[in-house]
Amino acid sequence: AYAAALNYFDRNLKEYPTSPLRWTCRLEKAATVGKSGDYQEAEKQLDALAAEPELPADVAGQVVVQRALLQIVQQNFDEAIRILDEFIQNRRNDPNSAQSVQDAYLYEAYSYFAKKEFERALLLVEQMQGASQTISPETALLKIKLLVNLNRLDEATDLLNKLENSSYGQDTPD
């Protein structure tokens, strides 16, 4: 129901133009436009949002991820990698962008996975692990897929067993 969602976003942006949630609303609207298949319009909206001088750092990171996802959906993996890598290089030491940087690493690894560049994807996942004390289940599952594709089955089995016995997210599921 993309049309209904877009109407909802437009109504909220019109009724609450100065709400702190306007940034997220605009981001979700652009993402919805992209999901509906209008990639050019989605990119236009994301560019306009990224140009906002008051855009919070966390939303700016999500804009980058959405721009890359638009490229991934269109199978423009090299462009997605370029977008994500540029963001990582510029923001990896910014504590306000830590979660967005982690997301960028993950989607960049997915892009390399799609290109069947499994070693490069695994390197990114391991860099991401090195920057964090824990590994999310989504990241662990990608790492398992990469290890299987690289025929490193013992490592994949070990990680799968750790994931199965993990309590990650059970105390406070999202």
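The values are calculated or read from the model by the stated rules, or taken from the named source; none is laboratory data. Remember, predicted model here, so these are calculated numbers, not experimental data. So basically every Cβ, Gly included, is an ideal-geometry build from the backbone, and we count neighbours across all protein chains shown. Only protein heavy atoms, including side chains, enter the accessible area calculation; ligands, DNA and RNA are left aside. Shrake-Rupley method; radii C 1.70, N 1.55, O 1.52, S 1.80 Å.
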Every residue from the range 115-133 that is touching a helix residue (DSSP H, G or I) at 6+ places or on another chain (Cβ under 7 Å) and either part of a helix (DSSP H, G or I) or under 24 Å from ALA50 (Cβ atoms) (or both): PHE118, ARG120, ALA121, LEU122, LEU124, VAL125, GLN127, MET128
Those residues of the range 57-75 which are open to solvent by 60 Å² or more (accessible area, probe 1.4 Å) and either over 20 Å from CYS25 (Cβ atoms) or touching a Gly at 6+ places or on another chain (Cβ under 8 Å) (or both), in sequence order: VAL73, GLN74, GLN75
Residue match in the range 95-114 (condition: outside any helix (DSSP H, G or I) and over 15 Å from the mean Cα position of the chain (by Cα)): no
Pairs with Cβ under 8 Å, 6+ apart, first in the range 129-143 and modelled with pLDDT of 70 or more, second open to solvent by 40 Å² or more (accessible area, probe 1.4 Å) and among the basic types (Lys, Arg): ALA140/LYS162
